[in-house]
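Step one of this worksheet: look at the structure below.
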Amino acid sequence: MTVDLPRRRTSTGDAPTPDASSPPRADPAPPTERKSGPARPFLLDFVPLESEKDTRLARFFERLAAGRLSTTRCARDDLLHWPPRTACPRCHSEELSWVDLPESGRIYAFSAVLAGAPMGMEADVPFAVGLVDLDGVPLRLFGRIEGRPWADLAIGLAVRVEPYDVGDGRWFYRFRVVD
Amino acid sequence: MTGRAVAIVGGATTKFGVRPLTWAELAQEVGAALFREVPALTTEDVDSLFVGAAEPERFAFQSHVAPLAAEQMGLRPHRIIQRTELACASGQSAIRSAYAAIASGLSDVAVAVGVEKMNLPSMAEANASMACVMDRAWDGPAGATAPPFFAMVAQRHMLEHGTTEEALAAVSEKNHRFANANPHSQFYEKTFSREKLLRLPVIAPPLRLGDCSSMTDGAAAVVLASEDHVRRYTRTPAWIRGTGQYSDFHNLANAGSLTEWPGLTRAAHEALGRAKIGIRDVDVAEVHDCFTISEIVEYEALGLCPPGQGGTFATDGRGDLGGDLVVNPRGGLLGCGHPLGATGVAQAVEVFRQLSGTAARPAENAEWALVHNLSGSANVHSVMVYQRGGAA
Ligand SMILES: [Zn+2]
C-alpha cells in the first residue's frame, strides 16, 4: 500500500487503517449533518415468507389461502409429515405429494400467554395456545385457540381449523372452538 | 473412557440478575473473576476457548463472539477458539466441546465460558428472541414460547398423574431457599414460602411467576485441564467421567406425550454408563429447572423415582438436603436466574465447588455429581457426570 492512497472503507466496513508515517491531514470537506436516525431494519417476523421466490412450500400457503390446511405425504413410504417438507425424513425421497388434512380435531393440551408475549403479539394478550389432535390422522398440531377465553377451554374440546389472513397478504392457520 | 482424563480445575461466575452492563462487560467481569479464583492460571496456559452463547445476535446485536470474549478475558487461544450454540444448553456444549478437545489431545488447558445478556430496553424484543428458539415458522406465528409449552407439560402431568400446584411450589421453594445462600444468584436473600408462591400471578396457566426462571444477565467460566496438567491448578479436581446427549424432535407436533422425556433417559444412561455408575450413586445433581415442572419430570426421566411420582418426590423433600440426593444446591435456574449460555457453566462451577468442599450449600460427603441441561422445548437433553478428586 502506498502512503498517498486516500483512506477508504472496505466493503466489510473495516475502520480505515491509521498511517503512522504521515501526520493526519485536515479533512477539506465541511462536516456534513447526519441525516439518518437510528437504524430501523426490516425485521423478519414469526410468519413465514410464503411466496414462490422464498420457499418451495409456497403451494401450502396457496392452498391455505383457499381455505385448505394441507401437508406433504411421501410417495415412497406413505409417511404423513408435519410440518410439510421437501424431503422425507424417513426415506429421504423428494417425491412428495400434497394432501388435505382434516378440518376438525380435539384439544390435547392447552395454556395461555398472560404475560411475556413476543414483540408484535403484545396486543393479543391474553391468548390461548394448544396442541390439537387432528381427527383421523396421527398429527398433533400446535396453534392459537380462538373462540373462548382460556379459562373456559378444556382438554378434549372439539375445535376446527381456521385459515386466516395475517393482515399483509400472508396466510396462517389457527383453531376455533366448535360451538 | 477413551482418551485422556479431563477435569475441571476451577471456575467462577459473575453476579446473576438484571445487570447494568453489556455482553462484553460480562465477559470481562467473569474473566477477572476466573483468574482470581484460579491463581496458578496464566493467560498463556489457555490454549483453547469455547464460548457458550445462545443468542448474542438477538440480545446484543453481536456475532463472532468467541474472539470478542477472548479479547475481553485477555486470552489469545492458539489451538481452538469457537462458539457453541445449543439454546439453553449452550454452556454445557462449551464444556463438552472443551472436554472432547482435551481428551483427544488437541488441547491441554481450555476455558469454557458462558455469557448471556438478556435484559433489554424492550422486553418484548427479548421475548421475541426467546421465541426464536422454537420452530419459528410453524410454531412461532401462534406465539409459541417456553412458558406455554412447559405449562402444557404441567397440565398433562396433573391430568395423568395427579401432580399438584403444591408440588410445583415445593420445587420452587427449595431452589429459592438454596439461592439464598448464593450471593451470585438473582434472588439472593429473598424468601419464597410455598404459600407466597401459590399467590403469585399466573404467567401461563397452570404456571405462576414462581414456577418460571427469569430473564437474566450473567456469565460463568471454568478451566478444564488434561490429566497431565491438573495438578498445576488444584488438588481437588472434578473429573469428567461421562457425558451423553440426545436430540429427539424440534417442531412441537413431534413432542410426543409431553410428560415423558425419553431423550433425557437416554442421555443419562449414556453418561452414567460411561462413568460406570448408576443414578443411585449420584450425591448431588444440577438439573435444568427452567420451570418447576421440568425438575419434576427430570426426577422421573433420570430414574430417581417411578414415572408419575415426581410430584411426590418433590413434596417429600427427596431432592432436598438430607434427602436421597441434593438437587440444585446452587439455587437452580429458578433461584439463580437463567442467562442461557451461562447456565450450564454455572452448574459446572457449582459441581466443582461441591466436589472440592467449597460449596455454600454442601451436599454431605459428595463423590459423584450429575449435571443436566435441556434446551428449547425439552427436545435436546445434555448430561455430564463428575467424580471428586483423587487420581486420574
Ligand atoms: Zn419417505
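The values are calculated or read from the model by the stated rules, or taken from the named source; none is laboratory data. Bear in mind the structure is a predicted one, so any value in this text is a computation, not a measurement. Neighbour counts run over all protein chains shown; Cβ positions are idealised from the backbone, glycine included.
Regarding segment B:226-246, can at least one residue be identified that is away from every other protein chain (no Cβ under 14 Å), in contact with a Phe, Trp or Tyr (Cβ under 6 Å, 6 or more places away or on another chain) and touching a residue at least 12 places away in the same chain (Cβ under 8 Å)? Scanning segment B:226-246 turns up at least one residue that is away from every other protein chain (no Cβ under 14 Å), in contact with a Phe, Trp or Tyr (Cβ under 6 Å, 6 or more places away or on another chain) and touching a residue at least 12 places away in the same chain (Cβ under 8 Å). In the set A:G116, A:G120, A:G105, only one residue is modelled with pLDDT of 95 or more and more than 16 Å from the ligand (Cβ to nearest atom); that residue is A:G105.
Of the residues contained in segment B:112-132, one or more are found to be farther than 15 Å from A:S111 by Cβ, in a loop (DSSP other than H, G, I, E, B), at pLDDT below 95 and facing another protein chain (nearest Cβ under 10 Å).
Within the option set B:A151, B:A169, B:A144, being within 25 Å of the chain's Cα centre (by Cα), at the interface with chain A (Cβ under 7 Å from one of its Cβ atoms) and not in a loop (DSSP other than H, G, I, E, B) holds for one residue only, B:A151.
When restricted to residues that are farther than 20 Å from B:N251 by Cβ and not in a loop (DSSP other than H, G, I, E, B), segment A:163-179 contains 4.
Looking at segment A:103-132 only, could you name the residues that are free of Cβ contacts under 8 Å to residues at least 40 places away in the same chain and either acidic (D, E) or farther than 30 Å from B:N119 by Cβ (or both)? The answer is A:E122, A:D124, A:L131.
Listed by position, the strands (runs of 3 or more DSSP E) contained in segment B:202-265 that have at least 3 residues being surrounded by fewer than 24 Cβ atoms within 10 Å (Cβ to Cβ) are B:238-247. Restricted to segment A:74-151, the set of strands (runs of 3 or more DSSP E) holding at least 2 residues that are more than 11 Å from every other protein chain (Cβ to nearest Cβ) comprises A:96-100, A:104-113.
Filtering segment A:71-92 down to residues that are near the ligand (Cβ under 9 Å from one of its atoms) and under 14 Å from B:N251 (Cβ atoms), which residue is surrounded by the most Cβ atoms within 10 Å (Cβ to Cβ)? Filtering first and then ranking leaves A:H81. Name every residue in segment B:172-212 that is free of Cβ contacts under 8 Å to residues at least 40 places away in the same chain, more than 14 Å from chain A (Cβ to nearest Cβ) and either of a type in the set (G, A, S) or farther than 28 Å from B:R353 by Cα (or both), in order of residue number. Matches in segment B:172-212: B:S193, B:R194, B:E195, B:K196, B:L197, B:L198, B:R199.
Scanning segment B:29-48 for residues that are buried (at least 21 other Cβ atoms within 10 Å of the Cβ) and of a type in the set (S, T, N, Q) turns up at least one hit.
Residues in segment B:62-84 that are crowded, with 20+ Cβ neighbours inside 10 Å and under 23 Å from B:G244 (Cβ atoms): B:R83, B:T84.
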